């Protein structure tokens, strides 16, 4: 039986990369989905591909840092499917700068998407999970929830924050049968990773990739699907006694 059969989910940041892989996987495992992303064209493409494959997905164009957009996405899920059982707060942004280099607008944007976005998803979705009899919340953290990188200050701050947010929500809502966890990737083979690496490194792109991959003991990047499968574990009954936890998908990076 599909692991998410009969369940209704809200996923954020589904236009590309990890979010797109997660939406496809969750739908293939039986979940009816509402997805939200600020990238309208690619967000719609993700939802359309799910429907073409026989799944159920509705797209909401919106910004997770905007309370009205997040509330609209939650309401859409309940209106379309009658309930909400699971959420995966995945949307994220970053900028390669130190604190003095980071503009105030850049800081506000990164905090708004990464940390405030996870807060807003929890704020509006958790009451619906409780009404459904319980459910799961997954937040995309990072190895930077545990360790810092140079020229990555705002991102590191937010990823540390979402781990503590997940743990606090896990404690608050355990009596409501709501489990809250983080999935924490290392480097993942996505277009966004390529963009960030090109912006960050003084090496050639090929040399930068080789060095970045070599830093992971498994010697490669994760695929988006590998991260999605960890989030699936946290979203289904396989992880029924797991809450307030961080599942590392980092090829051994933080074991060093």
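Just so it is clear, none of the values below were taken in a lab; they were calculated from the coordinates. This is a predicted model, so every value here is computed, not measured. Every residue, glycine as well, gets a Cβ built from its backbone with ideal geometry; the counts of neighbours run over all protein chains shown.
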The extension gain from residue 105 to residue 150, computed as 0.36 nm times the residue separation minus the Cα-Cα distance, is 14.2 nm
Consider all pairwise Cα distances in segment 129-254 and report the whole-number % of them above 25 Å. 29
Can you give the helix-only mean residue ellipticity at 222 nm for the chain, where every DSSP H stretch with n ≥ 4 adds -39500 (n - 2.57) and the sum goes over all residues, rounded to the nearest 500 deg cm²/dmol? -14000 deg cm²/dmol
Selected from 67, 100, 217 as most flexible by GNM, with the chain as the system and alpha-carbon contacts under 10 Å: 100
Relative to the longest principal axis of the chain, what angle (0 to 90°, nearest 10) does the C-alpha long axis of helix 67-81 take? 40
Among segment 127-164, those whose backbone N falls under 20 Å of a label point 7 Å along Cα→Cβ from residue 240 are 129-138
Ranked list, fewest to most other Cβ atoms within 10 Å of each Cβ, for 226, 128: 226, 128
Pick from 64, 138, 111: which is most flexible by mean-square fluctuation in a GNM of the chain where alpha carbon atoms under 10 Å apart are linked? 111
Under a Gaussian network model of the chain whose springs join Cα atoms within less than 10 Å, the largest fluctuation of 16, 136, 35 belongs to 16
Debye sum, Cα scatterers, the chain, no solvent: what log₁₀ I/I(0) at q = 0.10, 0.14, 0.15, 0.16 1/Å? -0.45, -0.89, -1.03, -1.17
Using the alpha-carbon atoms, what tilt in degrees (0 to 90, nearest 10) does helix 205-214 show relative to the longest principal axis of the chain? 70
Taking only Cα atoms, what is the 0 to 90° angle, nearest 10, from helix 224-235's long axis to the longest principal axis of the chain? 40
Taking the Cα-to-Cβ direction at residue 254 and at residue 202 and moving 7 Å from each Cα, how far apart do the two end points lie in nm? 3.0
One point scatterer per Cα, no solvent, Debye formula: log10 I(q)/I(0) for segment 1-65 at q = 0.22, 0.26 Å⁻¹ comes out as -0.76, -1.03
If N is the number of residues in segment 1-140, what value comes out of its Cα radius of gyration divided by 2.2 N^0.38 Å? 1.04
Jot down the per residue volume, in cubic angstrom and as a whole number, of the convex hull over the alpha-carbon atoms of segment 75-138. 84
Which order results if 7, 131 are arranged by neighbouring Cβ count within 10 Å, fewest first? 131, 7
What length, rounded to one decimal in nm, is gained on full extension from residue 83 through to residue 192, with 0.36 nm per residue of separation minus their alpha-carbon distance? 36.0 nm
For segment 121-185 and segment 17-39, what is the separation of their Cα centres, given in Å? 18
